[in-house]
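Single-structure report; data block below.
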Amino acid sequence: MGGTRHEFRALWGVYLPIAVTVFVIVALALGFVVVRFRDRPGRTASTRTGAPRAELVYVLAVAAIAATLVIVTFRTESRVDALAASPALRISATGSDWRWSFYYPAQGIDEPGRDQAPTDLYVPAGQTIEFDLTSLDVIHAFYVPYEDYQRAAIPKVINRFDLVFPKPGVETSGYCNEFCGIGHTEMRFEVHVLTPTAFAAWVSRQPRSGAPR
Amino acid sequence: MSTAAVSIRSLGLVGVIGATDHKSIARRTVVVAFAFFIAGGILALLIRTQLATPSTGLVGADAFDALFTMHGSTMIYLFLVPTAIALGVYLVPLQVGAAEIAGPRLCLTGFWLYVSGGLVMWSGYLTVDGPGAAGWTAFDPLSDSPHSPGVGMDFWIFGVMLATLGCLVMASCVLGTIVARRAPGMTLLRLAPFTWTMLVTCLMVIVSFPVLVIAMALLWIQRDFGGIFDSTGGPIAYQNLFWFYGHPVVYVMFFPFVGAVAEVVSVHSGRRLFGYRPFAISLLAFTALSTSVWAHHMFTTGQVANRYFALTSTALAVPAGIEYFDLIATLAGGRIRLRTPMLFALAFLVQFLIGGLTGILLGSPPLDYDVHNTYFVIAHFHYALFAGSLFGCFAGVYHWFPKVTGVMLRERLGRLHFWVMTLGANLTFFPMFIDGWEGMRRRTDSYPASAGWQTLNDLSTAGAGVIAISVVVFVVNVARSLRDPEPAGPDPWDGHTLEWATSSPPPRHNFAGLPPVRSPAPLLDLREAATARSVGDSPTPIHAEAAG
């Protein structure tokens, strides 16, 4: 399992070349037609009003491309949306105006966060982590651009998803990505991707039972 | 009724307020909508100034939130939607050969509802806490009273409700005209291409606009009494209601301008629209799909059937593909006059394609998981609505201005307007694809200096300035053309459809007499029959029957 970053880039690699090719073909066709059929002395306009058979073939071709894209999307989404039966780690992520807090239930570790400052999120590399995401007030969204992934944090709803951070040593930012009021821009967290050993050492250094520090 | 309307017209101010001529209602709607376009554009310039550097601090976070909320709300509720409908209010009665719109006083009521909606929404700026600042979507719970206190938010809700109700009323008059006021001989398959697009637009309005009006009423009850969206799933219920309006409305802001482009492409190529029936079928397919794609705005909520909405959204490529095929095939084989309307129509085809193709990307949930709510989405819908719809709108403005006013717009100023606006639009919106793909979030008043997005944002800000210049060129063009008029005559472009069969501007009841309607292009039928007679062969209008 390559994680969301890999899945996103692979799927993008299918869609973007097709989109660019279609754009180039249509733009060239348009450019050719405008130059070839521009008004010049002696030109008369064609009176032909349809080519049903050609148009039908064309429609089937467009439909085939669309169907291919839908199939590739469904396959990718099955992998991205799948939840591991036994993830290596569970983290409860909670958004509220305007901070992130993270709770590691099995380890009893609480990162309550502070207003106007990014909360730290420590994760082990290469392991499947299940996030249980919710909100205490308005809708927020948990977004890690490095992982090419986001999910909405909705009050009274828990959204579960798995992430894998492939490489240790990565320091990257996460953001709220659903507009949530005047503190929205600064509602951030910092992701620290540790080796599994370094993560275990970090866990053992933390105060337990979720008491706020 | 008609005599009353005529006598009221002579009463000056009362005439301005109460004139029920559809042409007068439409002209006033467009003038008011253009004023809101300027106002919303000024807000856009302020947004772009704020984002010129990572932390410019031109305005604070609360003022910035009001800026993007009012920019989006103004452009959608108060500019593009009313302009799209007004185009139909003006042209549909003419194109179907009617003396009057169906329900003229109802239509006038719609206009005043829209105007009062706009004024109510903007009067939020006169309140202590400022106007609505919960985004143009006003998601619950952000828009409820604990999170958006202040009467400005209520003004926003009532403004949206009134303006949307007004547009709904005006659109129902346009639909009634198409259904009940068509000239003898004008079957549904002889409607002008633009009237076809208005027909489907009005169907979408009638299905989706009442849902928004009700959603706004519920939002107001939630703010003042609670109990609507409080339960589990309440916020998602609001989003389902909102987007059930919010996606069809994207096509309401699009299809009338597709219709304008189809007319311009056809008339300025000197030939009938190629593939008229597939074109009409594709419009109906779009209309049917428009009510089944709304939750592609909600892929990241985890609360909707992503696959279903990915399937329906991607399926839109098929009817869109038909429209491109027919428009390009109309150009091919034509005698293309590259006047200003055609330039705008061609740019529409190229630029909207960028908006449409990136829309296919956004219709894939795993791709949306990354770029949702980033500037990639901003770039996508500005390519669709600004570089697409607005360019189609200007194609229509340059095409029909002679009909509405009786005078031609200046060609050289029109070309200048076109090239400056094309440069500005692409300079503003293309860089947003890149910084959005790299993770720049929408609705933020600053961005990290370390992200390296300043150059891209500077290009966007410079582009916004260029767009502003192009709008000034347009205003100068209109002012100069009206002050020193070049008379247009009834039919300056060799038009195809019935609006060109009367004087410019048309008289109060539109027509002195109508030509026979045997195809979607009755005036072209007459011209071809005359040519055939003068050549001396083929006395029957064969093409009319082939197309009809």
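Which one is farthest from B:VAL261 (Cα to Cα) among residues in segment B:398-438 that are free of Cβ contacts under 8 Å to residues at least 24 places away in the same chain and of a type in the set (A, V, I, L, M, F, W, C)?
B:ILE434
Identify, by number, the condition in (1) under 22 Å from A:HIS140 (Cα atoms); (2) surrounded by fewer than 16 Cβ atoms within 10 Å (Cβ to Cβ); (3) more than 14 Å from every other protein chain (Cβ to nearest Cβ) that A:LEU83 doesn't meet.
A:LEU83 satisfies every listed condition except (3).
State the number of residues belonging to segment B:290-306 that are within 12 Å of chain A (Cβ to nearest Cβ) and assigned to a helix (DSSP H, G or I).
Residues meeting the conditions: 6.
Going through segment B:125-154 one residue at a time, which ones are hydrophobic (A, V, I, L, M, F, W, C), assigned to a loop (DSSP other than H, G, I, E, B) and either within 19 Å of B:VAL211 (Cβ to Cβ) or away from chain A (no Cβ under 13 Å) (or both)?
Scanning segment B:125-154 gives B:VAL128, B:ALA134, B:TRP136, B:ALA138, B:PHE139.
Of all residues in segment B:325-348, count the ones that are within 9 Å of another protein chain (Cβ to nearest Cβ) and either outside any helix (DSSP H, G or I) or surrounded by fewer than 22 Cβ atoms within 10 Å (Cβ to Cβ) (or both).
Counting residues in segment B:325-348 that are within 9 Å of another protein chain (Cβ to nearest Cβ) and either outside any helix (DSSP H, G or I) or surrounded by fewer than 22 Cβ atoms within 10 Å (Cβ to Cβ) (or both) gives 8.
Could you give me the residue pairs with C-beta distances under 7 Å whose first residue belongs to segment B:264-293 and is at positive phi, whose second residue is basic (Lys, Arg) wherever it lies, and which are 6+ apart or on separate chains?
Taking only residues 6 or more apart or on different chains, the pairs are B:GLY270/B:ARG335.
Output yes when any residue across segment A:144-159 is crowded, with 19+ Cβ neighbours inside 10 Å, aromatic (Phe, Trp, Tyr), within 12 Å of chain B (Cβ to nearest Cβ) and touching a Lys or Arg at 6+ places or on another chain (Cβ under 6 Å), and no when none is.
So far as segment A:144-159 goes, no, none of its residues is crowded, with 19+ Cβ neighbours inside 10 Å, aromatic (Phe, Trp, Tyr), within 12 Å of chain B (Cβ to nearest Cβ) and touching a Lys or Arg at 6+ places or on another chain (Cβ under 6 Å).
Mind counting the residues in segment A:173-202 that are surrounded by fewer than 16 Cβ atoms within 10 Å (Cβ to Cβ) and either facing chain B (nearest Cβ under 10 Å) or in contact with a Lys or Arg (Cβ under 9 Å, 6 or more places away or on another chain) (or both)?
So the answer is 1.
Considering every residue within segment B:1-11, establish whether at least one is of a type in the set (A, V, I, L, M, F, W, C), at pLDDT 95 or above and part of a helix (DSSP H, G or I).
No, every residue in segment B:1-11 fails to be of a type in the set (A, V, I, L, M, F, W, C), at pLDDT 95 or above and part of a helix (DSSP H, G or I).
So B:THR197 clears everything in (1) polar (S, T, N, Q); (2) closer than 24 Å to B:TYR90 by Cα; (3) surrounded by fewer than 24 Cβ atoms within 10 Å (Cβ to Cβ) except one condition, right? Which one?
Evaluating B:THR197 over (1) polar (S, T, N, Q); (2) closer than 24 Å to B:TYR90 by Cα; (3) surrounded by fewer than 24 Cβ atoms within 10 Å (Cβ to Cβ) leaves (3) as the failure.
Give me a count of the residues in segment A:90-118 that are buried (at least 19 other Cβ atoms within 10 Å of the Cβ) and either in contact with a Phe, Trp or Tyr (Cβ under 8 Å, 6 or more places away or on another chain) or closer than 21 Å to B:LEU367 by Cα (or both).
10
Count, please, the residues in segment A:17-52 that happen to be loosely packed, with under 15 Cβ neighbours inside 10 Å, more than 7 Å from every other protein chain (Cβ to nearest Cβ), within 45 Å of the chain's Cα centre (by Cα) and not hydroxyl-bearing (Ser, Thr, Tyr).
10
Between a first residue in segment A:93-105 that is under 13 Å from A:GLU190 (Cα atoms) and a second residue that is among the β-branched types (Val, Ile, Thr), which pairs have beta carbons less than 7 Å apart while being 6 or more apart in sequence or on different chains?
Note: pairs meeting the criteria are A:ARG99/A:THR119; A:TRP100/A:THR119; A:SER101/A:THR94; A:SER101/A:THR119; A:PHE102/A:ILE91; A:PHE102/A:THR119.
Could you check how many residues of segment B:307-320 are facing another protein chain (nearest Cβ under 8 Å) and either of a type in the set (D, E, K, R) or free of Cβ contacts under 8 Å to residues at least 24 places away in the same chain (or both)?
Result for segment B:307-320: 2.
Each row is one residue, and each column tells you yes or no for (1) in contact with a strand residue (DSSP E or B) (Cβ under 7 Å, 6 or more places away or on another chain); (2) among the small types (Gly, Ala, Ser); (3) over 21 Å from A:GLY3 (Cβ atoms).
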| position | (1), (2), (3) |
| --- | --- |
| A:SER92 | yes, yes, no |
| A:PRO118 | yes, no, yes |
| A:GLU130 | yes, no, no |
| A:ILE139 | yes, no, yes |
| A:ARG151 | yes, no, no |
| A:ASN159 | yes, no, no |
| A:LYS167 | yes, no, no |
| A:THR185 | no, no, yes |
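Residue check: is A:VAL72 crowded, with 18+ Cβ neighbours inside 10 Å and either touching an Asp or Glu at 6+ places or on another chain (Cβ under 7 Å) or not hydroxyl-bearing (Ser, Thr, Tyr) (or both)?
No, not satisfied.
The values are calculated or read from the model by the stated rules, or taken from the named source; none is laboratory data. Computed from a predicted structure; not experimentally measured. Positions of Cβ are generated from backbone atoms using ideal geometry, with glycine treated the same way; all protein chains shown enter the neighbour counts.
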